[in-house]
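S.K.: Sharing a structure, written as structure tokens. Questions coming.
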Amino acid sequence: MAKNIKKQLVFSKELLDLAEHKARKFGISFGEYLRLLIINDSEKGVDYEYHTTPEEEDSIKKSLEDYAAGRYKILKTDKDIHEFMENQNNEL
């Protein structure tokens, strides 16, 4: 079963009124209307640009540098994960 996650969203009054009106028009809840919009966009292959903050950019840059320097370990199997975690616990 999929895990439900709550997310707080901020809307302008006009946008919220429009979305709530549309939901009522279709006889569904506001949340269900938003879920349907997301599903419809996904099915249509709608692609959105994602803009990162400077902090995210720094984190991504550091991660890529660490990866290039070989500081990442690829864990492909449950055994790999188990051994890695055991080694981490032994280092504590």
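S.K.: Got a sec? Which residues in the stretch 1-20 would a label at Ser42 touch, if it sits 7 Å along Cα→Cβ and we count backbone N under 13 Å?
M.R.: Within reach of a label on Ser42: 2-5.
S.K.: Taking 0.36 nm per intervening residue step and subtracting the Cα-Cα distance, what contour gain separates Ile74 from Ser29 on full extension? The partial results should precede the final answer.
M.R.: Working: separation 45, 0.36 × 45 = 16.20 nm, distance 4.32 nm.
Full extension of this stretch gives 11.9 nm more.
S.K.: So how do Lys61, Lys6 line up by other beta-carbon neighbours within 10 Å, fewest first?
M.R.: So the ranking, lowest neighbour count to highest, is Lys6, Lys61.
S.K.: Set Lys and Arg Cβ to +1 and Asp and Glu Cβ to -1, take the dipole of the chain about its Cα centre, and tell me which of Leu15, Met85, Thr53 lies farthest positive.
M.R.: Of the candidates, Leu15 comes out farthest on the positive side.
S.K.: Taking the Cβ-Cβ separation of Lys3 and Glu83 as r and a Förster radius of 30 Å, what is the calculated FRET efficiency to the nearest 0.05?
M.R.: Working: r = 28 Å, r/R0 = 0.92.
Efficiency, from the Cβ-Cβ distance: 0.60.
S.K.: So if R0 is 25 Å, what FRET efficiency would Lys62 and Leu92 give, r being the distance between their Cβ atoms, rounded to the nearest 0.05? Can you show the working numbers first?
M.R.: Values: r = 24 Å, r/R0 = 0.96.
Using R0 = 25 Å, I get an efficiency of 0.55.
S.K.: Okay, moving on. If the chain were replaced by its equivalent ellipsoid, with semi-axes equal to the square roots of 5 times the Cα gyration tensor eigenvalues, what would those be, largest first, whole Å? Each step should come with its number before you reach the end.
M.R.: Details: eigenvalues 348, 77, 38 Å².
Computed over the chain, the values are 42, 20, 14 Å.
S.K.: A follow-up question, please. Considering only Ile74, Phe26, Leu64, whose Cα is most displaced toward the positive end of the charge dipole of the chain, charges sitting on Cβ of Lys, Arg (+1) and Asp, Glu (-1)?
M.R.: Phe26
Read-outs throughout are calculated quantities, based only on the coordinates presented, and are distinct from any laboratory measurement. These numbers were taken from a predicted model, which means no experiment stands behind them. Glycine gets a Cβ as well: all are built from the backbone with ideal geometry, and neighbour counts include every protein chain shown.
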